[in-house]
Amino acid sequence: GVRWYEGRMVLECVVTDVLTALEELVDQLDIGVAEDDLTRVFRLRETLLAKSMTPLREFDKAQLYQLSKAASTKKFLENTAGLSPADAGSVAGLARKLGAMPETEARFVEGRLSSGQVRAITANGAARPVPRYPGVGAELLATVSPRPPPDPSPAMGGEATWATAPGPRPACGGPAPG
């Protein structure tokens, strides 16, 4: 669950899956009219989209959409996630195309490419069959300038150092980082 401690949200240590915890946090989210807040929210949105590509592609390949009586992954996204037909088709198509472009997908997941850049790359790469042109992904990636990684320090203060520090993290309920 989520509780408040000295004006800050704290995710309690409970046995729950990450998506449930994320849903609870998003329900409590109050986005400020500030550059830092908006930047962080949209970067999180990009990260969620990027990380959904591989599972969505595998879902599509296995035709698991049939379990919900949908005729396609696109229809599944429309019916269950509430995406518009255009968005559902775009997301499902992007996941499929990225299967043939692992370098692009890796950079997308790492946050080095935006979804707009990935869509442009996949649109240009889709016109060329991958087996015939195996270097297409690398060639297109070389023309796109990567986004700089976000610096969470201004928005998170000292917490950013601990959150991004290498090495083991304290167990839930363990001592606070020093």
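What figure, in Å² to the nearest 10, do you get for the accessible area of residue 59 with a 1.4 Å probe and non-protein molecules left out? Accessible area, nearest 10 Å²: 40 Å².
Farthest towards the positive end of the charge dipole of the range 52-103, among the residues 92, 62, 81, is the Cα of 62, using unit charges on the Cβ of Lys, Arg, Asp and Glu. For the range 45-60, the Karplus equation 6.51 cos²θ - 1.76 cosθ + 1.60, evaluated at θ = phi - 60°, returns couplings of 4, 4, 5, 4, 4, 4, 6, 8, 5, 5, x, 5, 4, 5, 4, 5 Hz by residue, with Gly and Pro reported as x. Prolate is the label for the range 38-77, because a/c, from the alpha-carbon gyration tensor with a ≥ b ≥ c as root eigenvalues, is 1.5 or above and a/b exceeds b/c.
The values are calculated or read from the model by the stated rules, or taken from the named source; none is laboratory data. Everything numeric here is computed off the predicted structure, so don't read it as measured data. Methodologically, a virtual Cβ is constructed for each residue, glycine included, from the backbone with ideal geometry; neighbour enumeration extends over all protein chains shown. We work out accessible area using only protein heavy atoms, side chains counted, and drop any ligands, DNA or RNA first. Shrake-Rupley method; radii C 1.70, N 1.55, O 1.52, S 1.80 Å.
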